[in-house]
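J.: My questions will all concern the structure given below.
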Amino acid sequence: MTLPDHPSLDDYRGQISEMAAQGLAAIGDAPDLDALEAARVAYLGDRRGRMLEFQRALGAIARDAKPEAGRLFNTVKRQLESALDERRARLGRGAGGYTPPADLTMPARPQWTGARHPVTLVIEEIAAIFRELGFTIALGPEVETEWYNFGALNFPANHPAMDLHDTLYVQDDVLLRTHTSPVQVRTLQRFAPPIRILAPGNVYRRDFFDASHAPMFAQIEGLCVDEGVSFVDLKATLGHFARRFFGSTRARFRPSYFPFTEPSAEMDVECRLCRGAGCAACKGTGWMEILGSGMVHPAVLEAAGVDSEKYTGWAFGMGPARIAMQRYGVTDIRVFYDSDVRFLEQIAE
Amino acid sequence: MNVSYEWLRAFVPFEETPAQLRELITTHAATVDDLVHLRADLADIVVARVVEEGPHPDSDHLHVTRVDDGSGELLDVVCGAANVTAGKLYPFARVGVTIPTGITLEKRKIRGQTSNGMLCSARELKLGDDHAGIMELSVDVPPGTPLLRALPLSDMQFVVDVLPNRPDLLSHLGVAREVSAATGKPLALPALPGEAPVWGEAPHVRHEGTTAGVTVRVDHALAPRYMGLVIKGVKVGPSPEWLVKRLESVGSRSINNVVDASNYVLHEVGQPTHAFDLARLAGATVQVRAARKGEKIVTLDGVERALDETVTVIADAERAHAIAGVMGGRDSEVTDATTDLFLEVAVFDARRTRTGRKRVGLSTDASYRFERGVDFALPPMALERLARLIMAVAGGQVAGPPVDVVEQVPVPRAVTVRSSRVAKVLGARVPSVDAAARLTAIGFTVDAEEGEGELTVVAPSWRADIVREIDVIEEIARLKGYDWFPTEIRPFRPGTPPDDPIWVQSDRVRETLVSLGLLEARPMPFTKGDGASRFVRVANPLAEDEPYLRRELLDTLARRAEDNLAHLQGNLRLFEIGSAFEPTGAAMPREIVRVGVLMMGDRHPEHFASARGQRYDEWDAKAVAERAARAAHPAADIALVPADGGWLWRVHAGGRDVGGVRHVALDAPVWAAPAFGVEIDLAEMPNADVAPAGQNAHGTAPGPVGRHWPQYRPVPTMPSAEFDLALLVPAGVTSAQVEASIRAASGELLERLQLFDQYTGQGVPEGMRSLAWRLTLRHPERTLRDKEIEGRRSKILSVLDQELHVRARTS
Ligand SMILES: [Zn+2]
């Protein structure tokens, strides 16, 4: 049975009622969800559902009959839809007629997981703690001048202090920076105190590539310069950092030497493995070496054009890769640089 | 530097145990890296108690015992010693332990009785010659205690990490001085055997002098001070036991009595010295001069070394006999035949020693000290001790007063230290009296003003590192002990520098790429380059096969991808944020911070309910490039422009070329999927000098980074209308052209334009392709009428036909 090309309102009413009755019966009698879906497609389907016919016919009906026909159409559509929902709810265990798979032990659909590099994670975690104390991030070039890398940092020329900085040179006075400390000088020249910055970045040493050395590694540097900044601030701030980062209750400072700080201090935290009792990892001392620090040498402030009588400051530097090694139980530093996805994916877990 | 616990105790009568002393030295002077027991061969021997003892059933001299070794289980041990007694403690070696004689114990049966280890005699442990019985221990320790912990068996060695500013700590005297100050116990030089040599006046002479007929000529630019002394009639031979032991305790091997005496003085007071065989020095002349180009010397280690004028030598009238401050020569080496000695006790120029020893490729105990700086005032005392020791252990007589060739004895400089400055730097007030007392204890001369004003401080001759006020402040902090200072967080002002804009960019890009499932790598930037000047070259590269710095991050990522393929890993999605380098012609290269992405292999991990075999393709790479570029340049319009020259697309940000997308050629196995790469500039890293040395550029600091926020548009309330356009697109017409025409023709009603299908084949004429778009139209204020939509559709089709000969696909 089909509608004429230009149906009257009566034609329309009669046929849509008949269709509605058949549809409601098909829906109400559907024995299972598949049958119900077939009924839905047959009556309400987007492509060949029977309601489409009546929808099209609305366009061809006489103008004065249109509103009434439209109401009829909408009523029937709602009836069918609610019958469908009702039947679906009855047939399906869950709402909306959803049937769960029979074997729920099948694996989940996996997705590739992205991840920051473990060294980046350590840098970000360190930065987060210092950010609470008002530090911002500063960067500098990896290829540096000898002046920024050594001269401005009070390194005596041709001195054994340089032995700890076996340097890769690009030219006589241009080199791959051996530490992030040149960023201290650039920042001090660029910005007036107060300065509170962290400088993460890659540094280079002419070192062999083996399980515990790499010719390139990450470093993170901190610098605080203002009036009235003292060794007490250094101890307090770095001690606070140690407690937050390592959960260590104890930190120890011992004398050290860096040309660009004085007094210089190495900070240790209680060994996490033996809790200070002494073990192989800490060579029996109960301490783990974490960072080098010190009060900014007046010569560094002077080199950067900062009044060393008015301003004082402190600085520190540490190696995120070493910390990442401890954290992730990595015993060979090369895995950080090899970019082996089997390693990177472990960290992404 | 190796320091012996017992040797230190010969200087200072401290009572600290080795562990306590280690702590003390570490917290006040220099870090003790390690504490080594000189009898490490006894490390596995434990103290054990014989619990039961009875006769061996099949032997009349063996005993069967049960031994408690602290393991919680009694062990059966057969013992042959007559003195084994139940209830007593003995050294015990468990099964598997190697005893000092070299025997490794096994579990075995001795005449039918099992023995699990051995109770040891003194001789078996190399603790004496007594082998009459096992070694009875009269100590009160639980069984299982390591023997080394139970008994004060031998010396301990501290491995002290002496940093370059403190050469004064490179001797027992130097460390003892700090121990004395920290413990408050007096310091004295250890007694030496024999008599102190007596000689008359040894006045300072410049450039040249003589001793016992030997003329000594010194270039003071090379050696500011040079003392010489002749001892005649020595008998070279083995050293006495005590001297051998002392040297052993710092890891130095005994050679003969004369050389040992020289080494002893080096370790005791830090003065390197050298003894020449006088008979081998031609022309009764010793001169300190620069080596001549082409001059050669065979050093004590038997190696012939070519010298040049950067090396200082000690020569006789004819040729070089030693590399000054580094190593002696074989020709004038002290041998058993030597009877007369010329002793050298000098201070060589630190920088020249360093240059010279690097030139010949040698580093010795002597050069190590000279390049760090030897106390200018030390030679007379060191010479006296050396002469006394040689005469005591090798005989002989001083042949006359020494010669002391000195250019100028440096005048100690006074440093003024303000109490206010000490408090300012250290953050706590150290009373002047306290500071003065502590400095005095390590040899400083301190003149304190009344009250808390200024200290006038003169450093001792061995502390050349003390130059400025801050150097003394460090001494005060160190001597006081860093632990003493409070740890309270005090109020602070926020800093002026904002976050570096490149960091902000990197952070955003990293976040974006991680959220897309990519893995961050941090590889090294070295590359094999192509030998051309397009690359920045490292002058002294670590590996000759990778001497260049990369120009592209994709270069590095491609190599790392190949490594992964070698490990049969073919699903890669790596990214890196790092620097690339380009030569500029000037000294400094251009350094550009970039993001690089390399992706290949499966687009999704395998799953039973997912489509198989979907691999990353150029469209994935294009998407990642768009996302990364937007994260890197948030305020700019991003466009991916089809390109050539190896690139699929170039990435434009605000009209500027900032990178590209390409297929990456890899040295890959056949099974590997194609690799696609993205490389986008974040920014050029500023690397010009900020300001000249000693100056700043504070007025020019940039303000905070500009930010970009997407702007809110009201969410639509009117319904939209959608329709699809399936179009036949002739060859040579791009989808971008079609889209541009559609946009122009549909006007402001077009809300969204989505290309959803591409098809060629049946029903599509040769040379054409069918592309299908879905258009979403919406009027902000009313529902669109069917007629309007149809009108738009016709207009679009007619424009497409006119402009591009693109028509609707009918079939
Ligand atoms: Zn430990």
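The values are calculated or read from the model by the stated rules, or taken from the named source; none is laboratory data. On a predicted model such as this, the values are computed, not experimentally measured, just so you know. Cβ: placed from backbone, ideal geometry, glycine included. Neighbour counts: every protein chain shown. All accessible areas refer to the heavy atoms of the entire protein, side chains included, with ligands and DNA or RNA removed. Shrake-Rupley method; radii C 1.70, N 1.55, O 1.52, S 1.80 Å.
J.: Kindly indicate whether B:N571 is touching a Phe, Trp or Tyr at 6+ places or on another chain (Cβ under 7 Å) and among the polar types (S, T, N, Q). Break it down into steps so the answer makes sense when it comes.
T.: Values: touching a Phe, Trp or Tyr at 6+ places or on another chain (Cβ under 7 Å): no; among the polar types (S, T, N, Q): yes.
In short, no.
J.: So which residues in segment B:31-76 are without any contact (Cβ under 8 Å) to a residue 24 or more places away in the chain and farther than 30 Å from A:I290 by Cβ, if there are any at all?
T.: Hits for segment B:31-76 are B:G54, B:P55, B:D60, B:H61, B:H63, B:R66, B:G72, B:E73, B:L74.
J.: Condition first: in a loop (DSSP other than H, G, I, E, B) and open to solvent by less than 10 Å² (accessible area, probe 1.4 Å). Now tell me which residues in segment A:148-164 satisfy that.
T.: A:F150
J.: Here is a list of conditions, (1) closer than 20 Å to A:R334 by Cβ; (2) open to solvent by 10 Å² or more (accessible area, probe 1.4 Å), and B:R550 meets all of them except one; can you say which number that is?
T.: So B:R550 meets the others, but not (2).
J.: Sticking with this one: From (1) buried (at least 21 other Cβ atoms within 10 Å of the Cβ); (2) over 29 Å from B:F492 (Cβ atoms); (3) within 16 Å of the ligand (Cβ to nearest atom); (4) within 32 Å of the chain's Cα centre (by Cα), pick out the condition that doesn't hold for A:W287.
T.: Here A:W287 clears every test but (2).
J.: Also, I was wondering about something else. Quick check on this structure: which one of B:A673, B:A609 is open to solvent by 30 Å² or more (accessible area, probe 1.4 Å) and part of a loop (DSSP other than H, G, I, E, B)?
T.: B:A609 is the lone residue from the list that is open to solvent by 30 Å² or more (accessible area, probe 1.4 Å) and part of a loop (DSSP other than H, G, I, E, B).
J.: Only one of these is away from chain A (no Cβ under 14 Å), surrounded by 16 or more Cβ atoms within 10 Å (Cβ to Cβ), modelled with pLDDT under 90 and within 50 Å of the chain's Cα centre (by Cα): B:L38, B:L75. Name it. So that I can check it myself, show each step before the final result.
T.: On the way: B:L75 fails: modelled with pLDDT under 90.
Exactly one of B:L38, B:L75 is away from chain A (no Cβ under 14 Å), surrounded by 16 or more Cβ atoms within 10 Å (Cβ to Cβ), modelled with pLDDT under 90 and within 50 Å of the chain's Cα centre (by Cα), namely B:L38.
J.: Report those strands (runs of 3 or more DSSP E) wholly inside segment A:200-280 carrying at least 2 residues which are within 16 Å of the ligand (Cβ to nearest atom) and out of contact with any helix residue (DSSP H, G or I) (no Cβ under 6 Å at 6 or more places or on another chain).
T.: A:261-270
J.: Is it the case, given these coordinates, that B:L300 is without any contact (Cβ under 8 Å) to a residue 40 or more places away in the chain, within 30 Å of B:A176 (Cβ to Cβ) and in contact with a strand residue (DSSP E or B) (Cβ under 6 Å, 6 or more places away or on another chain)?
T.: yes
J.: Looking at segment B:1-35 only, could you name the residues that are among the basic types (K, R) and either surrounded by fewer than 17 Cβ atoms within 10 Å (Cβ to Cβ) or more than 28 Å from A:P263 (Cα to Cα) (or both)? Break it down stepwise before answering.
T.: If we filter segment B:1-35 for residues that are among the basic types (K, R), which is where we start, we get B:9, B:22.
The one that is among the basic types (K, R) and either surrounded by fewer than 17 Cβ atoms within 10 Å (Cβ to Cβ) or more than 28 Å from A:P263 (Cα to Cα) (or both): B:R9.
J.: If we scan segment B:521-535, do we find a residue that is at the interface with chain A (Cβ under 7 Å from one of its Cβ atoms), out of contact with any His (no Cβ under 7 Å at 6 or more places or on another chain), under 23 Å from B:E562 (Cβ atoms) and open to solvent by less than 30 Å² (accessible area, probe 1.4 Å)?
T.: Our first condition is that a residue be at the interface with chain A (Cβ under 7 Å from one of its Cβ atoms); within segment B:521-535, this holds for B:521-524.
Add one more test, that the residue is out of contact with any His (no Cβ under 7 Å at 6 or more places or on another chain), and what stays is B:523-524.
Imposing the further condition that a residue be under 23 Å from B:E562 (Cβ atoms) reduces the set to B:523-524.
Restricting the remaining residues to those that are open to solvent by less than 30 Å² (accessible area, probe 1.4 Å) gives B:523-524.
Yes, some residue in segment B:521-535 is at the interface with chain A (Cβ under 7 Å from one of its Cβ atoms), out of contact with any His (no Cβ under 7 Å at 6 or more places or on another chain), under 23 Å from B:E562 (Cβ atoms) and open to solvent by less than 30 Å² (accessible area, probe 1.4 Å).
J.: Which of the strands (runs of 3 or more DSSP E) contained wholly in segment B:213-323 include at least 2 residues that are open to solvent by 40 Å² or more (accessible area, probe 1.4 Å)?
T.: Answer list for segment B:213-323: B:296-298, B:304-306.
J.: Report yes if A:D85 is acidic (D, E) and part of a helix (DSSP H, G or I), otherwise no.
T.: The answer is yes for A:D85.
J.: While we're here: Does A:A152 fit the bill of being in contact (Cβ under 8 Å) with a residue 60 or more places away in the chain, of a type in the set (A, V, I, L, M, F, W, C), within 8 Å of chain B (Cβ to nearest Cβ) and over 30 Å from B:W484 (Cβ atoms)? Show your work before the answer.
T.: Numbers: in contact (Cβ under 8 Å) with a residue 60 or more places away in the chain: yes; of a type in the set (A, V, I, L, M, F, W, C): yes; within 8 Å of chain B (Cβ to nearest Cβ): yes; over 30 Å from B:W484 (Cβ atoms): yes.
The answer is yes for A:A152.
J.: Could I ask something else about it? Looking at A:T145, A:T167, A:T120, A:T180 in this structure, which one is surrounded by fewer than 24 Cβ atoms within 10 Å (Cβ to Cβ), of a type in the set (V, I, T) and either free of Cβ contacts under 8 Å to residues at least 24 places away in the same chain or over 30 Å from B:R359 (Cβ atoms) (or both)?
T.: That would be A:T120, the only listed residue that is surrounded by fewer than 24 Cβ atoms within 10 Å (Cβ to Cβ), of a type in the set (V, I, T) and either free of Cβ contacts under 8 Å to residues at least 24 places away in the same chain or over 30 Å from B:R359 (Cβ atoms) (or both).
J.: Please specify each residue of segment B:629-647 satisfying the condition of being surrounded by 12 or more Cβ atoms within 10 Å (Cβ to Cβ), under 43 Å from the mean Cα position of the chain (by Cα) and of a type in the set (A, V, I, L, M).
T.: Result: B:A629, B:A631, B:A632, B:A636.
J.: Does B:L771 satisfy being touching a Ser or Thr at 6+ places or on another chain (Cβ under 9 Å) and assigned by TED's automatic domain parsing to the domain that holds B:L727?
T.: Considered against the rule, which asks whether it is touching a Ser or Thr at 6+ places or on another chain (Cβ under 9 Å) and assigned by TED's automatic domain parsing to the domain that holds B:L727, B:L771 comes out as yes.
J.: Report, by residue number, each residue of segment A:290-317 that is under 36 Å from the mean Cα position of the chain (by Cα), more than 16 Å from the ligand (Cβ to nearest atom) and among the β-branched types (V, I, T).
T.: Residues satisfying the conditions are A:V296, A:V300, A:T312.
J.: Still on this structure: For B:V409, which of the numbered conditions (1) over 35 Å from the mean Cα position of the chain (by Cα); (2) at pLDDT 95 or above; (3) surrounded by fewer than 20 Cβ atoms within 10 Å (Cβ to Cβ) fails to hold?
T.: Condition (2) is where B:V409 drops out.
J.: Considering only segment B:96-126, state which residues are free of Cβ contacts under 8 Å to residues at least 40 places away in the same chain, assigned to a loop (DSSP other than H, G, I, E, B) and surrounded by 15 or more Cβ atoms within 10 Å (Cβ to Cβ). Lay out the reasoning, then the answer.
T.: First, pick out the residues of segment B:96-126 that are free of Cβ contacts under 8 Å to residues at least 40 places away in the same chain: B:96, B:101-109, B:114-115, B:122-124.
Adding the requirement that they be assigned to a loop (DSSP other than H, G, I, E, B) leaves B:96, B:101-103, B:105-107, B:122-124.
Those that are free of Cβ contacts under 8 Å to residues at least 40 places away in the same chain, assigned to a loop (DSSP other than H, G, I, E, B) and surrounded by 15 or more Cβ atoms within 10 Å (Cβ to Cβ): B:L105, B:A122, B:R123, B:E124.
J.: Filter segment B:612-628 down to the residues that are open to solvent by less than 30 Å² (accessible area, probe 1.4 Å) and aromatic (F, W, Y) and list them by number.
T.: Residue satisfying the conditions is B:Y616 alone.
J.: Determine which member of the set B:R438, B:R468, B:R429 is open to solvent by 30 Å² or more (accessible area, probe 1.4 Å) and facing chain A (nearest Cβ under 10 Å).
T.: Step by step, each of B:R438, B:R468, B:R429 is checked, and only B:R468 is open to solvent by 30 Å² or more (accessible area, probe 1.4 Å) and facing chain A (nearest Cβ under 10 Å).
J.: Something else now. Could you count how many residues in segment B:791-811 are open to solvent by 50 Å² or more (accessible area, probe 1.4 Å), touching a residue at least 60 places away in the same chain (Cβ under 8 Å) and within 16 Å of B:S770 (Cβ to Cβ)?
T.: 3
J.: Is it fair to say A:R252 is among the charged types (D, E, K, R), open to solvent by 10 Å² or more (accessible area, probe 1.4 Å) and more than 9 Å from every other protein chain (Cβ to nearest Cβ)?
T.: Taking the combined requirement at face value, the residue does not satisfy it.
J.: Residue by residue through segment A:306-349, note down the ones that are open to solvent by less than 60 Å² (accessible area, probe 1.4 Å), over 30 Å from A:A236 (Cβ atoms) and β-branched (V, I, T).
T.: Residues satisfying the conditions are A:V330, A:I333, A:V335, A:V341, A:I347.
J.: Can you name the residue in segment B:484-508 that is farther than 19 Å from A:P194 by Cβ and more than 7 Å from chain A (Cβ to nearest Cβ) and is also surrounded by the fewest Cβ atoms within 10 Å (Cβ to Cβ) among such residues?
T.: Residue satisfying both the conditions and the ranking: B:W484.
J.: Condition check: of a type in the set (S, T, Y) and at pLDDT below 95. Does A:T249 satisfy that?
T.: In short, yes.
J.: Any chance you could count how many residues in segment B:406-444 are of a type outside the set (V, I, T) and assigned to a helix (DSSP H, G or I)?
T.: 14
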